[in-house]
Amino acid sequence: MLPKKFDHKEMEEKWIKQWEDWGIYRFDPNSEKPVFSIDTPPRYASGYLHMGHAKNYIEFEIIARFMRMLGYNVFLPNGYDDNGLPTEKYVEEKLGVKKSDVDRETFINKCKEAAEKLEEDMTNTFKRIGFSCDWSTLYRTISDYAIKTAQHSFIDLYKKGEIYRREEPILWCPHHETALAQAEIEDKVRKTKLNYIYFELEDGRKIEIATTRPELLPSCVGIFVHPEDERYNDLVGKKAIVPIFGQKVPIMTDEKVDMNFGSGIVMICTFGDTTDIEWWRKHNLPMKISINKNGTMNDLAGKYEGMKIEEARKAIIEDLKKEDLIIKQEEITQTVGCCWRCGTPVEFIPTEQWFIKTLEHKEKMIELGRKIKWYPEYYRKRYEDWVKNLKWDWCISRQRYYGVPFPVWYCKECGNIVVAKEEDLPVDPRLQKYKCDKCGSENLEPEMDVMDTWMTSSLTPQITTKWIEDREFFKKMFPMNLRPQAHDIIRTWAFYTILKSYLHENEIPWKDIMVSGYVYVEKGMAMSSSKGIGKSPLKVVEEKGADVLRYWATGASVGEDLIYREKDLVRGQKILIKLWNAARFISLHLDKKPEKANLKVEDRWILSELSRVIKEVEKGYKEYNPNKARRTIENFFKNVYCDFYLEMVKHRLYGEDDESKEAVKYTLYKSLLAIIKMYAPIIPFITEEIYQNIFKEYEKDLSIHTSKWPEPEDVDEESLELGEMAMDIISSLRHYKTENNMRMSEPLKKIVIDANEEKIEKLKKIEEVIKGTMKVDEIEYGEVKNAIDSGSFKIEVVG
């Protein structure tokens, strides 16, 4: 028998320890059960978990629990993405240790220390929220094995000709002072000034050029007009003098010029945008770089040297105004590409970088994306739109300290690129000597850049399935079943993982992808660890319990965003209390496992409803939609099972008919067990407590989470119809009693129901349950004079 109340803290601590001792969530590589594998997102070591993380991890962890109950050998590893820029950003911004202020090794050690502390806290949080991963599979992307896997990937693709190194203008974050990939750029809309500036021609005439970036005037290398713009035919072939800086630049034509933008005359600077890069290559123009890697102006900018970009822009505009070279200024709205981690507008800086060929595989990436089932399906369109709009190969090198080293040296004698041998991995060229495999020289220069963090995290399916360690295990596990992830990293984690899987194995990495939404605070801002926006799930767990948190986490359908509101936690609290009270009530009447007896119509009705619900809930879980499953269970449990069936059978439980009692007990036992099993993936703690106290003795399963998913039985259609009729009449009579300030236990002498002969025959089958539930002495059928305000039937209360 259950106690009157439950203590969520005591209950949760008990079951966290017990589950771990039992090892019920460990993957069994020797099991003959079918495998269901999940490519778990490795959480960044860049801040603490907030409610958004909790929601997204709980959503797919629920699926893991469900699949175990379906009989699958579930492979749910967990990992931490603790190398690369996110961790460096945390150390610099949260701990105040700048990489420019300390030596490389000191900074790397600070990153490792910070990552370990964050991971320890995150592991505690994951366990507290009931995350049922196999902790023996825990990996870190900065571990030797992960580094070895990433370096093996590099070498394999380098040998296949899919990786190359080249100097060219690259997307650059001046704040973090590193190259970026296209996927790491986010567009931001801002207000800016369009400045109309006079350029003087060699013959003394003046032309107007409109630009939002006058700070790039020292980098101006040419001027373009449209070949069909008759206004400027006479300018082509002439030269203009760049104001303030004085260099002479040619005036040329190009079809890409927008004749309606500004004056229709544009300058090309190296480099302001991708059009500048395109024109620079197409017209074989010189390169003049005036911006340093740290976002300051260099010596080409003359007296503006050392100024930040924004400062130089303002100073140059002021000087142009002094010389009457500003014709006018217009405020416009502009879309600017920014670093997705710090929000700094990116520049285009020519540097030597490593790239993976991506553009030539765009069609294949779309084809592979269509082989994967997307949940929801509409996110596949987002993926395809991203692929179609790719304009760059994937830049995989970063000018940072903390990350996976490239297994590369450069021979100073013969210029050969020396790549490490597979048997030597993992390697750190900064710390290890190597010999040139071409000329034999040991005079090698190590590659100092580190890999993009996505270079490693795009290999999570390979890392967890022992790609380079155990090929037999890998073949058994790959491709994996499910990739759960947030929608904002479709362009990065999903895309790069599909690309890597194709380039290495000519295969998709997983069969299904489950995309989750954001969690917003009430002000409309997405929760973010780096921005300090959000609430810790541990606070909710401490105050209200992990099951309440988990119930809240299923508040939106798969792929949809969710707003965090304290009041929404109350719903879960109420359900837990209702479930506990219902289970306790039932436990008071169970002293053994009941045998199936002669079921009455209301018993057959609720079991038929239960069968329908089991099918619908199972469908929801299989569609990776815990919200759909939860809503289905809740509606049945709260609005049908508790509000009606439990009330319908109380008079039988307290009556003298032993056979009727046994039928009720059998139905209660069977239905409650199915209800807690359906709820178990969502609220694992309270369902385990109920199972252990009421059912373990009879069912013998070690845990509810290792028990079998409930089997739906044949549906009795007649009982379903009769049950609906009974609920309708009971609801009407409840409404009548409430309106007349009557207690539900007060008797009604007689009710008259107006119905045809066919309905009367059916109503007679549910007379007993109506009488017993609503304390009605007599039911008659006939004409109704004063019908109560109610449902489908005309009913009159007499006497």
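The values are calculated or read from the model by the stated rules, or taken from the named source; none is laboratory data. The shown structure was predicted, so the numbers you read here are calculated from the model rather than taken from an experiment. FYI the Cβ positions are ideal-geometry reconstructions off the backbone, even for glycines, and counts take in every protein chain you see. These area figures cover heavy atoms from the full protein model, side chains too; ligands, DNA and RNA do not enter into them. Shrake-Rupley method; radii C 1.70, N 1.55, O 1.52, S 1.80 Å.
Tabulated results
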| read-out | value |
| --- | --- |
| Of 100, 267, 682, farthest towards positive along the dipole that unit charges on Lys, Arg, Asp, Glu beta carbons give the chain | 100 |
| Efficiency of FRET from Cβ geometry, residue 166 and residue 104, R₀ 30 Å, rounded to 0.05 | 0.75 |
| Gain upon complete extension [residue 561, residue 701; 0.36 nm per residue less C-alpha separation] | 46.7 nm |
| Carbon plus sulfur fraction of accessible area for the chain, probe 1.4 Å, in percent | 45 |
| Kirkwood hydrodynamic radius (C-alpha pairs) into Stokes-Einstein, segment 599-644, 10 °C and 1.306 mPa s, D in µm²/s | 146 |
| Residue-span extension gain [residue 470 to residue 256] - 0.36 nm each, minus C-alpha spacing | 71.7 nm |
| Cross-link table 89/511; 112/160; 650/775, entries beyond 22 Å C-alpha to C-alpha | 89/511; 112/160 |
| Centre separation in Å (Cα based) which lies between segment 1-31 and segment 75-94 | 29 |
| Relative packing of 24-34, 485-495, which averages over residues the other C-beta atoms within 10 Å, highest first | 485-495, 24-34 |
| Under-5 Å amide H pairs with residue 798, H placed in peptide plane, nonlocal only | 750, 751, 752 |
| Label-to-label distance, nm, for residues given as residue 22 and residue 488 (7 Å Cα→Cβ offset) | 3.7 |
| Per-residue ³J(HN,Hα) for segment 318-324, Karplus 6.51 cos²θ - 1.76 cosθ + 1.60, θ = phi - 60°, Hz, x for Gly and Pro | 4, 5, 5, 5, 4, 9, 6 |
| Relative pair counts by distance (%), Cα atoms of segment 650-711, 5 Å bins | 4, 18, 25, 20, 13, 12, 7, 2 |
| Antiparallel DSSP beta bridges within the chain, as percent of all bridges there, nearest 5 | 70 |
| Theoretical gain in end-to-end length, residue 310 to residue 435 [0.36 nm per residue, Cα-Cα removed] | 40.3 nm |
| 1.4 Å probe accessible area per residue over the chain, in Å² | 43 |
| With Cα atoms, 0 to 90° folded angle of helix 567-587 axis to the chain main axis | 30 |
| Residue 5 versus residue 650: modelled label distance in nm, points set 7 Å from Cα along the beta carbon direction | 2.2 |
| Sparse-neighbour loop sites [chymotrypsin sites (Phe, Trp or Tyr not before Pro); segment 221-274; at most 16 other C-beta within 10 Å; DSSP] | 261 |
| Where labels lie 7 Å past Cα in the beta-carbon direction, separation of residue 528 and residue 95 in nm | 2.3 |
| Label-zone membership for segment 56-72, site residue 622, 7 angstrom Cα→C-beta point, backbone N under 17 Å | 63-72 |
| Exceeding the 30 Å Cα-Cα cut-off - candidates 567/665; 33/592; 4/661; 191/535; 696/765; 55/531 | 567/665; 33/592; 191/535; 696/765 |
| Packing rank of 591-597, 237-243, 515-521, where each peptide gets the mean count of other beta carbons within 10 Å, highest leading | 515-521, 237-243, 591-597 |
| Mean Cβ neighbour count within 10 Å, used as a protection proxy, ranking 778-784, 397-403, 132-138, 305-311 highest first | 397-403, 132-138, 305-311, 778-784 |
| For segment 101-177: Kirkwood Rh in Å [reciprocal of mean 1/r, alpha carbons] | 16.4 |
| At R0 = 22 Å, FRET efficiency that the Cβ-Cβ distance of residue 30 and residue 137 yields, to 0.05 | 0.90 |
| Correct option for Rg and Dmax of the Cα atoms in Å [calculated from the coordinates] among [x] 43.6, 126; [y] 34.6, 115; [z] 29.4, 88 | [y] |
| Cβ-derived FRET efficiency at R0 30 Å, residue 638 paired with residue 760, nearest 0.05 | 0.40 |
| Qualifying GluC sites (Glu not before Pro) for segment 188-235 [loop in DSSP, other Cβ within 10 Å: at most 10] | 202, 228 |
| Rg in Å to one decimal, and Dmax rounded to a whole Å, for segment 1-142 via C-alpha atoms | 18.3, 65 |
| Beta bridges per DSSP with both ends in segment 475-539, % antiparallel, nearest 5 | 25 |
| Between 0 and 90°, nearest 10: helix 495-505 axis offset from the chain longest Cα axis | 80 |
